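Since every read-out is calculated from the coordinates, none of them should be taken as a lab result. This is a predicted model, so every value here is computed, not measured. Here the Cβ positions follow ideal geometry from the backbone for every residue, glycine too, while neighbour counts run over all protein chains shown.
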Amino acid sequence: MCSTAVCSVCPHHCRIPEGAVGRCRARKNVGGKVICSNYGKLTSIALDPIEKKPLAYFHPGSMILSVGSFGCNLSCPFCQNHEIAAAGEYDFRRLYEVSPQELCSLAEDETARGNIGVAYTYNEALAGYEYVRDSARLVHEAGMLNVLVTNGTAELPVLEELLPYIDAMNIDLKGFRPQIYRKLGGDLETVKAFITRASQDCHVELTSLIVPGMNDDPADMEKEAEWIAQIDPRIPLHITRYFPRYRMQERPTDIPLLWKLKKIAENRLERVLLGNV
């Protein structure tokens, strides 16, 4: 008898029939249990500058081995990595099978080129958080560091499993109105709770991509910066410029607007940076 299983990783709580995948395309019902179907299946691997994550105040000038798989639990029409984030396992001709042990060895091999550890990025890493957890534990044991790049749309028990092994995060804060997140298939309060908890135990930087007509209201930035400052005014905020991608062809964000938003944020925050300008 086929049974439906409920995924507990993110607030969608997908009810997944036997053999099917959830909204993120990376979690599957196998025998009545939801598993990480993208475990150790990589689509991307590269040695990147740490600043590309983006992290500006965590080991600046260093390199980090960056890996990604497939799948994401949001549906952002402006996604820069939609080829992997909006894809499932069978959309690829080839996936790189890399165990946590092999990933740790690859990271160690790159230390001669300035590598400090592993960044879990490109797609939504928390869709396959078990692989992140298992790999990050080994990376720590080898004396290296772990970076998580995430949309923060995950339940807190998932975060608690990862926090002992994660040294830094960049978390997307895609807007500061609930309706923005609803349009993207997410939940603002979930992300706020994730940011608040993560900032207690590791280095956190935030990124807000400013999309014309979606989250470019200066009043929103004022509220966002005020909320971040209540956690810690030294949390870095990256305000980045949108360019046409995926299903959105609106013109790029006006640079003068970005500078205005930066000035507003700086009334509350000590470290505000512009990106993609």
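Here are the numbers for this structure:
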read-out: Max mean-square fluctuation residue, GNM over the chain, Cα-Cα springs under 10 Å, options Y96, Y129, Y57; value: Y96
read-out: 5 Å binning of all Cα-Cα separations within the range 38-275, expressed as whole percents from 0 upward; value: 1, 7, 14, 18, 20, 18, 12, 6, 3, 0
read-out: FRET efficiency, 1/(1 + (r/R0)^6) with R0 35 Å, evaluated for K52 and Q230 via beta carbons; value: 0.75
read-out: Per-residue Cβ neighbour rank within 10 angstrom, fewest leading, E226, E160; value: E160, E226
read-out: Span from the the range 131-179 Cα centroid across to the the range 207-254 one, whole angstrom; value: 21 Å
read-out: Cβ-based exposure ranking for E224, E155, in which fewest neighbours within 10 Å come first; value: E155, E224
read-out: Most fluctuating residue given options M144, M214, M169, as computed from a GNM of the chain linking Cα atoms under 10 Å; value: M214
read-out: Proximal charge balance of F78 [Cβ under 13 Å; K/R count +1, D/E count -1]; value: +3
read-out: Ranking of V147, V9 by count of other Cβ atoms within 10 Å, fewest first; value: V9, V147
